[in-house]
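J.: Got a structure for you, written out below as C-alpha cells; questions coming shortly.
Read the figures in this text as sums done on the coordinates, not as results from a lab. The structure presented is a predicted model; accordingly, all values stated were derived computationally and were not measured. Backbone-built Cβ (ideal geometry, glycine too); neighbour counts: all protein chains shown.
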C-alpha cells in the first residue's frame, strides 16, 4: 500500500492542486477539503443576518422599482454600492435596453344598479382604455379554454372575464395552468371581439389585492386592455352574474408604452483561486413590480445571493474556490427576462465557461430541495453537494424542477442549471401585489438560504471537474 | 300541599297568562314553555342559512354604503324590502340627518431620496389638503401621550406621526387604548403646530390596507388633515426615520364636508302577543365605510338580527312572545352613532317601554359570552337565558362588556343592555379596510349567532317581569 501511494503521489498532488482538471471519464466531485470549507461557510451563514440587512435596505430605501422608472436607476446604484461595500473583487454594470411600460391611474367600477368600485390592476404590457374610459357588459368564462371555444367575433364589444382559480402548492405548480389566462387571454379575447379582458388574479390569497404580471399580444391582434381583479372582487363579479342579469362595468386604465430605457444588470464577482475565467452564476432580479416594495419578489433573492457571494469573498485567499462566483442582480426580469437575455447574448462567446447557474426567485421561504439540470455523469457531484445541504433540511431530488427565470436563456444555450427550491406555499398570496413587503419575510429563513447558496456556490466553484448540462431533446421543428 | 296549591291557583293562573305582570319583588324569569320555544328556535336557526343569504345580498348588490352616498339610499331600500320579504309585521323608516363627508382621491408618497408611494387613507371627518398637496417632514411619536408631551407650537408645520401598535385580543380591548390617536390625534397635533397627522392604522394585521375610521376636531383647533398608514407603510416610515435623516412626505387628500343628507333607520318589528308596546331591541348598523363592502362591519350584524327576528316572526301566533321584537338597521353608525342618537331622541317618550337593547356590531365571529347591563334583581333572568345559550358555546359572564355602539344612547337614558359578545380575535385585521368583504365570513358562525339572538330576543320578549338597567353612578359634574 505504501508503495502504491508513493507511486500515485505526483498524480494526487496534481489532482488536488488543480481540482478542476479531473481526468476524462472521471465524474466531477468535491474534495474533502472543499467539503469542509463549505460546511464552515454554511455554519457561518446561519449565524449571520447579512441577507436581512440587504433586503431591508433595498425595500426601505428604494421600495418599488419597476423597470424603466427613476427607482430602477436607484436600485442599480444601490446594488453596485452594496457589492462594493461587501468587498466583491469586481463589480460592473452591463446595459439592458427595453421599452418603458408606465402605469398611471387605474379604476374599475360596477355600473348601476349594483354601483360599486372594484379592486383592479392593469397587466404589464397592456394598452390602456381611451381617455374617457370603457363601459361594457361582462361575460364570464371558467378558463382560457372556454374563452377559446367560443366563435371568433362573438363577444361583440363585451368584456371577457376569465375566472380560473389558482391552486396552492408548495412548489408553485398551480401557477402554470393559471398564468396562461394572464399571458395570452387578451389575444384570445380580442379575436373573439371583446373590448377588454379581465381575469381573476393569479394568486392564492383572498385579500383585496389584485395581482399584476406580464401579458403580451400575439402578432396581428387588435390590442385590448387587460387587467386583473382581486380575488374577492372576482367573487363579487361572479355572484352578480349568478343573478342572471346583465352586469356592466366601467374601466378607466391609464397605462401604456412610453419610450425606451437603459437599465443594467449589476454584477459582483468573487475571483476564483486558480481558474477565474470559469464562473458559477447565482443571483436574483433587481427589478420589481410597482405595487409592492418587491420584498419577496425579488429583493430576497438578490439579498440571499449577494450575501452568499460575500461570505465566499471573505474567505482567506488560499481558501477561495478554484473558479469565480458571479452574483448577478438581473435587470427587468418581470417584463420578459430582458436582463437575462441581454446577458446571454453579450456573453455568448464564453457560455462554455459558465459552469452552472442558479437563481433565487421564488420568495423568501426556506429551501427544501436541490434539483439540477445536469447529465447522468454529474449526478454524483450533485449528490455530494446535497449531502452538505442536507442538515439545512434540503433534500436532493433527482427529477423535476427547472432553472430560475433568469437562468432560462443560459440553459437554452446549454448551460447546466441548479434549483435550490424554496417553499412557495404562501408565495402566491403576495406575488405581484401591493402586499409584497418586508414584513412577509422571516429573517431566519433568509439565513438558511444564504447558507445553502454559499455552500452550493462554493462547492460548484471548487469541484474537481465540472457538471455538464443534461442533453436537451432535439428541437421539434 | 294540595290545599296550598288550590289557594295559589288563581295567582298562578294570572302569572302564566300575563307573564310580564310578575308581582313586585319577584325577580323576572322565563317560563318553562317560553324556554322550550326558545330552544326550538335555537335549533331551527343553526340549521338555517338565512343570515348568510342576507349578508351575501347586501354586500354583493349594494357593496360599500358610506353614509350620505347614493349607496346609502340603496341600502335603505334593500333593508326595507328585506324586512317586508321576511314577513315582519311592521316595517318603517325614521329619518336621520347628518353632514355629508366625501372621499375623493387620496395619495401619499415619500419624497426623494427615498421616493415611493404609501398606502394611506384619510380618516372620516378630516379636512383635505390644499389642491396642490402638502409637503413636509415627518416627526414620529410612540403614542398620543408622547405627542401631548411636546410644547405647543413646537412642530412648526411638520407632519406628526403616531406609531402606537394595537394589540390583538379576543374581546377587542386593544382598540380603546389605540383609538385615541385616531379620534383626538389631529386636535393635539394641530395645537403643537403640525400641518397634518398621520397614524399607524388601528388594526392588528400586517397587510397593505390602511384602516379608516372617525376623527373629530376639538372646539377651536385649526383643522389639519388626518390619515392612517397601512401597517407595513408605518413600518416603512419608522425604518426610514431610524436612518437618522429627514424624511419628507407629500400628501394629496381630496376629502371633506359637502352638504347635508337624510338617511333612515330602517325598522322591522315582530308584534308581541300580549304587550306589543313593550319592545326588545336588536339590530346592526346598515351603513359601512367606503373602502370595503361592509361585510363584517356590519352587514353581518344586520343579517344576524334580521334573520333572528324573522325566525320569531314565523312562529304560530299563539307562540309569539308577549312583547314585540324590534330589529333596527341603524343609519350612519360610523360617523358618530347618528342614527342611534336620532332614535333615542325620537323615542324619548317611550324609552321606558324599551325592555333591553343589544346590537351585533363586532364582526362575524362566534358569540362566546353573554353579558348584561342589568340590576342585581335581573341576574336570575340573565342566567336563565344564558342556560339556553350555553349549548351554543356561550358562557354567561357577570362582569365586563358594554352595550353595542348604537345601544349606547339608549343605555345612557336608562335602558338595560345585553351584549352577545363575539370572538373578535381577527376583527381588527379587516375593520374599516378595503378587505372587509364577504369571504371573511364563515356561514356556520353566522348561524350560531342567529340562534343566540333568536333565543335571547324571544326569552326577553316573553319574560315574566322585565330586567331593569344597572343603576348608573351619579354624573361626576
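J.: Could you state the angle between the C-alpha long axis of helix A:379-389 and the longest principal axis of the C-alpha atoms of chain A, as a value from 0 to 90 degrees rounded to the nearest 10?
T.: Helix A:379-389 sits roughly 80 degrees off the main axis of chain A.
J.: For the rotation bringing B onto A, which B residue has its Cβ nearest the axis, and at how many Å?
T.: B:207, 3
J.: Does the stretch B:308-447 come out rounded, prolate or oblate by the C-alpha gyration tensor, with a ≥ b ≥ c the root eigenvalues, rounded set by a/c under 1.5 and, if not, prolate when a/b is larger than b/c and oblate if not?
T.: rounded
J.: Indicate, rounded to the nearest 5 percent, the antiparallel portion of the DSSP beta bridges found entirely in chain B.
T.: Once the DSSP bridges in chain B are tallied, antiparallel ones form about 60 percent.
J.: Let me ask something else about it. How would the stretch B:391-477 be classified by its alpha-carbon gyration tensor: rounded, prolate or oblate, with rounded meaning a/c under 1.5 and the a/b versus b/c comparison settling the rest?
T.: In terms of gyration-tensor shape, oblate.
J.: How many nanometers, to one decimal and shortest first, lie between the label point of residue A:260 and those of its other copies, if labels sit 7 Å from Cα toward Cβ?
T.: Values, ascending and in nm: 6.4.
J.: Right, next: What whole-number distance in Å separates the alpha-carbon centres of the stretch A:183-247 and the stretch A:88-157?
T.: Here the answer is 7 Å between Cα centres.
J.: Suppose we keep just the DSSP beta bridges with both residues in the stretch A:105-258; what percent of those would be antiparallel, to 5?
T.: Given both bridge residues lie in the stretch A:105-258, the antiparallel proportion sits at roughly 55 percent.
J.: Any chance you could check the Cα centroid distance between the stretch A:305-382 and the stretch A:59-87 for me, in angstrom?
T.: 20
J.: Once the label point is set 7 Å along the Cα-to-beta-carbon vector, what list of distances in nm do you get between residue A:242 and its counterparts in the other copies?
T.: 4.5
J.: Here is a further query. List the distances, in nm to one decimal, from the label point of residue B:387 to the label points of the same position in every other copy, shortest first, placing each label point 7 Å from Cα along the Cα-to-Cβ direction.
T.: Counterpart label points of residue B:387 in the remaining copies fall at 7.4 nm.
J.: What is the average number of partner chain Cβ atoms found within 10 Å of a Cβ in A:233-239?
T.: 3
J.: Return the average number of partner chain Cβ atoms within 10 angstrom of each residue Cβ along peptide A:104-114.
T.: 2
J.: For helix A:300-313, report the angle its Cα long axis makes with the longest principal axis of the Cα atoms of chain A; keep it between 0 and 90° and round to the nearest 10°.
T.: Between the helix axis and the principal axis of chain A, the angle is about 10 degrees.
J.: Okay, next question. Considering the zone a paramagnetic label at residue A:346 would reach in this model (a point 7 Å from Cα along the Cα-to-Cβ line), which residues of the stretch A:250-274 have amide N under 20 Å from it?
T.: Under 20 Å, as judged by backbone N against the label point of residue A:346, lie A:260-272 of the stretch A:250-274.
J.: Another question about this same structure. On a 0 to 90° scale, report how tilted helix A:70-85 is relative to the longest principal axis of chain A, with both axes built from alpha carbons and the result rounded to the nearest 10.
T.: Helix A:70-85 and the main axis of chain A meet at about 10 degrees.
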